[in-house]
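Chemist: What follows is a single structure, and I will ask about it in a moment.
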Amino acid sequence: MSTIDPTARIEDGAVIGEGTSIGPYCIIGPHVVIGADCKLIAHVHVTAQTAIGAGCTIYPFVSLGTPPQSLSYRGELTRLEIGQGCTIREQVTMNAGTVAGGGITRVGDRGYYMNCSHVGHDCQVGNDVIFATSATLGGHCKVGDFVFIGGLSAVHQFARIGTQAMIGGVCGVRKDVIPFGIVSGRYASLEGLNIVGMKRRKFTRERLIRIRSFYQKLFHGPGSFAERLREVQPLAAEDPAIREILTFISEGEHRELSLPVESRDRQ
């Protein structure tokens, strides 16, 4: 049975799942669907066509599905989808999509969004991600599974963050970050591979050796980056992670690739 505090305002048409509790002073719009066993602690605002998966916990002063912060927006009813098992801490904001961007913002399962973090319009965020305090995505970003974004870091619109990448704190991410990469510094230079995260995902020692060797050849070998990229293409057959990195690079569209400082100099 759902429990709704008498001070909460639930618009006609909203769907509240079994076992969900809506705390004091929450406001739920008419097109909202909230799954089973969620907990909205207090002062949560949910609007637009927002769907929240089962088992999410949402803390005070969170705002979900509010209009996209885009000059192209003209008041259309667009969507925000949030997966199951997410923890969304105080003052997090997640905007609905724009018609120009497909009309939907998607957030995956089991995310942990620390206070004041933000997901912009039309973003596509994977599963098991962590956004530290005030981590921010501009519009149209794509974030893979198991990504960590450090506190006070901001990702430029249309940038891509590959699977299991790690973004250091206080970074301005203006370029795409390869899967399994670590970036840090004022403008997020590539500094290596997220070995700790890969070990947590049960990568074997043999796999790590292969991937590290590939990384060294691609980003620190002789010649220009374009030349090295051509040379390592056959290595895609050696490991799925290598193939994923090369595919990610080949699919780049809006942003350049984050590179180590010395590789950038020789590009």
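Values in this text are rule-based calculations from the coordinates and carry no lab data. Here the structure is a predicted model, which is why all the values come from computation and not from measurement. Please note: Cβ atoms are built from the backbone with ideal geometry, for glycine as well, and neighbour counts cover all protein chains shown.
Chemist: I'd like the Kirkwood hydrodynamic radius of the stretch 3-140, using the inverse of the mean 1/r over distinct C-alpha pairs, in Å.
Modeler: One decimal place: 14.4 Å for the Kirkwood radius.
Chemist: Above 26 Å lies some portion of the pair distances; for the stretch 86-204, what is it as a whole percent of all C-alpha pairs?
Modeler: 12 percent
Chemist: Quick check on the exposure proxy: order Met1, Met94, Met166 from fewest to most C-beta atoms within 10 angstrom.
Modeler: Met1, Met166, Met94
Chemist: Moving on. Rounded to two decimals, what ratio of Rg to Rh does the stretch 156-258 give with C-alpha atoms and a Kirkwood Rh?
Modeler: 0.95
Chemist: Along the positive direction of the dipole of the chain (beta-carbon charges: Lys, Arg +1; Asp, Glu -1; about the Cα centre), which of Ala36, Thr105, Pro240 reaches farthest?
Modeler: Checking the options against the dipole of the chain, the answer is Pro240.
Chemist: Could you state the angle between the C-alpha long axis of helix 240-250 and the longest principal axis of the C-alpha atoms of the chain, as a value from 0 to 90 degrees rounded to the nearest 10?
Modeler: 90 degrees
Chemist: For the stretch 198-265, what is the largest minus smallest coordinate of the Cα atoms on each principal axis, given in angstrom and ordered from greatest to least?
Modeler: 33, 26, 22
Chemist: With only alpha-carbon atoms in the gyration tensor, what are the semi-axes of the equivalent ellipsoid for the chain, in Å, largest first?
Modeler: 38, 18, 15
Chemist: Quick one: putting +1 on the C-beta of Lys and Arg, -1 on the C-beta of Asp and Glu, what dipole do you get for the stretch 6-113 around its Cα centre, in Debye to the nearest 20?
Modeler: Taking the Cα centre of the stretch 6-113 as origin, the dipole is about 220 debye.
Chemist: Now for a different question. Over the stretch 3-140, what is the mean sequence separation of C-alpha contacts under 8 Å (at least six apart), divided by residue count, expressed as relative contact order in percent?
Modeler: About 16 percent, as a whole number.
Chemist: Right, next: How about Lys217: which aspartates and glutamates have a C-alpha closer than 12 Å to its C-alpha, ignoring those fewer than 8 places off in the same chain?
Modeler: Glu227, Glu231
Chemist: Suppose every K and R has +1 on its Cβ and every D and E has -1 on its Cβ; what is the size of the dipole of the chain about the Cα centre, in Debye to the nearest 20?
Modeler: The dipole of the chain has a size of about 820 debye.
Chemist: Is there a quick way to get the dipole size of the stretch 210-267? I mean about its Cα centre, with the Cβ of Lys and Arg at +1 and of Asp and Glu at -1; what is the value in debye to the nearest 20?
Modeler: Computed charge dipole of the stretch 210-267: roughly 160 debye.
Chemist: For every helix of n ≥ 4 consecutive DSSP H residues, a contribution of -39,500 (n - 2.57) applies; sum these over the chain, divide by its total residues, and give [θ] at 222 nm rounded to the nearest 500 deg cm²/dmol.
Modeler: -5000 deg cm²/dmol
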